[in-house]
Amino acid sequence: QVQLVESGGGLVQPGGSLRLSCAVSGSIFSINPMGWYLRAPGKQRELVAVITSGGSTNYADSVKRRFTISRYNATNMVSLQMNSLKPEDAAVYYCYARIRGRTSSDGADYWGKGTLVTVSS
């Protein structure tokens, strides 16, 4: 069983920072890519940032130069450093990973349960 467990959400004031982390566990051959999506109230889930096994990144325009995604291949972890947070960044943030299992030839998409980020004064 593959599990993605997020941590690090919470309440922060506008202009503040938070760091989200996600630990991936299970029978894993490879993870590519992994990253973060968000779902704001009343909206569909959308990309925040993803990173490949080689370190290539893709960010939503709204978070460029404010958020930084990092991955730690040895420990199957991914983090999202969020700086200069704005009220419009408030959402549930989901960890995402496309994982190939040790006994499969194809990858599959996996999601964490989400962590709530609230940006408010």
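Which residues, taken from region 7-18, are open to solvent by less than 50 Å² (accessible area, probe 1.4 Å) and either among the hydrophobic types (A, V, I, L, M, F, W, C) or more than 18 Å from the chain's Cα centre (by Cα) (or both)? I'd like the intermediate steps shown before the answer.
Looking only at region 7-18, we keep the residues that are open to solvent by less than 50 Å² (accessible area, probe 1.4 Å), and these are 8-10, 12, 16, 18.
Passing the criteria: Val12, Gly16, Leu18.
Residues that are acidic (Asp, Glu), out of contact with any Ser or Thr (no Cβ under 7 Å at 6 or more places or on another chain) and modelled with pLDDT of 95 or more, at least 1 per element: which strands (runs of 3 or more DSSP E) completely within region 1-89 meet that?
46-51
Can you tell me which condition Gly42 does not meet? The list is (1) out of contact with any Gly (no Cβ under 7 Å at 6 or more places or on another chain); (2) on the phi < 0 side of the Ramachandran plot, and all the others hold.
(2)
From the list Ser21, Ser30, pick out the single residue that is among the polar types (S, T, N, Q), under 11 Å from the mean Cα position of the chain (by Cα) and open to solvent by less than 50 Å² (accessible area, probe 1.4 Å).
Values: Ser30 fails: under 11 Å from the mean Cα position of the chain (by Cα).
After ruling out the rest, the residue left standing is Ser21.
The values are calculated or read from the model by the stated rules, or taken from the named source; none is laboratory data. Treat the numbers as computed from the prediction; the structure is a model and nothing was measured. All Cβ positions, glycine included, derive from the backbone under ideal geometry; neighbour counts span all protein chains shown. Keep in mind that these areas ignore ligands, DNA and RNA; they rest on the heavy atoms of the full protein, side chains included. Shrake-Rupley method; radii C 1.70, N 1.55, O 1.52, S 1.80 Å.
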